[in-house]
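Only the coordinates and a few stated rules stand behind these numbers; no lab work does. Source: prediction; values computed, not measured. Counting neighbours? That spans all protein chains shown, and the Cβs are built from the backbone with ideal geometry, glycine included.
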């Protein structure tokens with residue numbers, strides 16, 4: 001349980017906020033400067049793994065990476081064509097988790113362990129996110145908009161915070 | 001290896017977040033109409049009628065109309081999604097209702113201001129995006145009428161601000177307000193844990 005008082009803003013909270021914002025800006029700049037790196041290390045693996053997962057459960061999915069230079073892949077499921085962009089792969093959650101973890105007062109070892117557990121967990125969740133969208137395209141195409149714009153977007157954020165709070169628990173216990 | 005004892009609080013948070021987000025979705029259309037009226041009025045005031053541009057609403061459908069240019073664009077009605085995210089975050093946090101009310105209010109005000117600003121930027125960016133998508137001869141025809149109200153030198157800055165806001169800013173802002181608010185609670189819990197162990 002969290003506390004029940006009505007807290008104000010103190011110096012440590014402002015420091016945390018400043019570091020979080022600085023982290024987001026720094027990672028955002030890195031992302032904007034090196035999109036190809038993020039495509040190769042993140043977008044492509046997420047797209048390939050989710051396509052493989054869909055095929056493993058007998059969903060007719062075909063991935064086209066020919067548009068990678070334009071910043072997206074195309075995933076064809078049934079008669080629906082998904083344009084997989086960075087937004088769809090939950091890159092925001094990766095950067096936000098990294099910034100939150102680096103901004104929180106903890107030792108370097110604790111931060112490293114948080115990133116070592118959290119980033120792969122969010123990566124796996126992102127693979128599942130695209131897989132779920134593929135399944136929705138196959139099973140209930142009318143629900144695509146709801147799942148694409150709302151459900152999976154919020155689920156990714158919720159899972160990222162779940163992972164972060166789990167790490168906070170580890171830091172507190174140490 | 002996951003430790004079950006450490007999973008409890010995050011899991012409770014996640015379930016509450018999902019439940020609140022689900023409930024908010026049910027009222028999405030109602031919230032949309034009401035909220036858009038709160039953001040379009042000040043955005044239109046900021047745009048100041050330059051080029052006869054104004055946001056108009058029909059229910060929760062939003063359009064951007066450039067009367068003097070004879071243009072009309074449909075605007076996606078998801079600008080308030082981070083508002084729902086923020087409301088879900090504050091509702092899901094296990095804290096006193098006064099805390100939720102106070103910080104929820106701060107989040108709504110902050111996001112409202114950001115939405116008004118993004119609509120203002122959108123008024124400039126959308127017409128320029130449209131202009132750049134036209135064939136050169138048509139563009140040359142329209143250019144003087146557009147630059148009269150929407151200076152070209154603003155386009156570079158406004159387009160980038162608008163793009164960054166859409167990619168990174170929206171969710172970051174909701175998350176930043178929540179993180180700022182929740183940190184003292186999380187830290188207090190940390191102190192309480194430490195004291196517990198010392199005992």
Worksheet item: How far is it, in nm, from the label point at residue A:81 to the one at residue A:139 when both lie 7 Å from their Cα along the line to the Cβ?
Response: 2.6
Worksheet item: Which whole number gives the average, over all residues in A:101-112, of C-beta atoms from other chains lying within 10 Å of the residue C-beta?
Response: 1
Fill in: Förster-model FRET efficiency, 51 Å R0, residue B:46 and residue B:97, C-beta, rounded to 0.05
0.90
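To one decimal place, what orientation-averaged projected area in nm² is obtained for the convex hull of the Cα set of chain B? Numbers along the way, then the final one.
Details: hull surface 60.9 nm².
The orientation-averaged projected area of the Cα hull of chain B comes to 15.2 nm².
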Discussion item. If the elastic network links every pair of Cα atoms under 10 Å, which of A:153, A:74, A:145 fluctuates the most in the Gaussian network model of chain A?
Written reply: A:145
Worksheet item: Percent relative contact order of segment A:11-173, based on C-alpha pairs within less than 8 angstrom and at least six residues apart?
Response: 24
Practice prompt. Compute the normalised compactness of chain A: alpha-carbon radius of gyration over 2.2 N^0.38 Å, N being the residue count.
Written response: 1.16
Discussion item. Which of A:27, A:139, A:161 ends up with the largest GNM mean-square fluctuation for chain A, with Cα atoms connected below 10 Å?
Written reply: A:139
Practice prompt. Please give the calculated 222 nm ellipticity per residue for chain A, where each DSSP H segment of at least 4 residues contributes -39500 (n - 2.57) and the sum is spread over every residue; nearest 500 deg cm²/dmol?
Written response: -21000 deg cm²/dmol
Worksheet item: Once the principal axes of the Cα atoms of the protein assembly as shown are found, what is the range along each, listed largest first in whole angstroms?
Response: 78, 50, 38
Item to complete: Would you compute, from DSSP H runs of 4+ residues alone, the mean residue ellipticity of chain B at 222 nm, taking -39500 (n - 2.57) per run and dividing by the full residue count, rounded to the nearest 500?
Response: -25500 deg cm²/dmol
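By average Cβ neighbour count within 10 Å, what is the ranking of B:92-105, B:168-181, B:150-163 from highest down?
Working: B:92-105: 16.9, B:168-181: 22.0, B:150-163: 14.5.
Top to bottom by mean Cβ count within 10 Å: B:168-181, B:92-105, B:150-163.
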Worksheet item: For the peptides B:35-43, A:34-42, what is the packing order when you average, over each peptide's residues, the other Cβ atoms within 10 Å and list the highest mean first?
Response: B:35-43, A:34-42
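Suppose a student asked you for the relative contact order of chain B, using Cα pairs under 8 Å spaced at least 6 residues apart; what percent would you report?
It comes to 21 percent, rounded to a whole number.
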Discussion item. How many angstrom lie between the Cα centre of segment B:1-53 and the Cα centre of segment A:111-129?
Written reply: 25
Worksheet item: So, in Å, what gap is there between the alpha-carbon centers of segment A:131-174 and segment A:33-92?
Response: 17
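Averaged across A:145-158, how many Cβ atoms of other chains sit within 10 Å of each residue's Cβ atom? Present the calculation step by step, with values, prior to reporting the outcome.
On the way: counts 0, 2, 0, 0, 3, 8, 4, 0, 6, 12, 4, 1, 9, 12.
Average neighbour count from other chains, rounded to a whole number: 4.
What is the extension gain from residue A:52 to residue A:149, computed as 0.36 nm multiplied by their sequence separation minus the C-alpha to C-alpha distance, in nm to one decimal? Intermediate values should be presented prior to the final figure.
Values: separation 97, 0.36 × 97 = 34.92 nm, distance 2.32 nm.
Extending this stretch completely gives an extra 32.6 nm.
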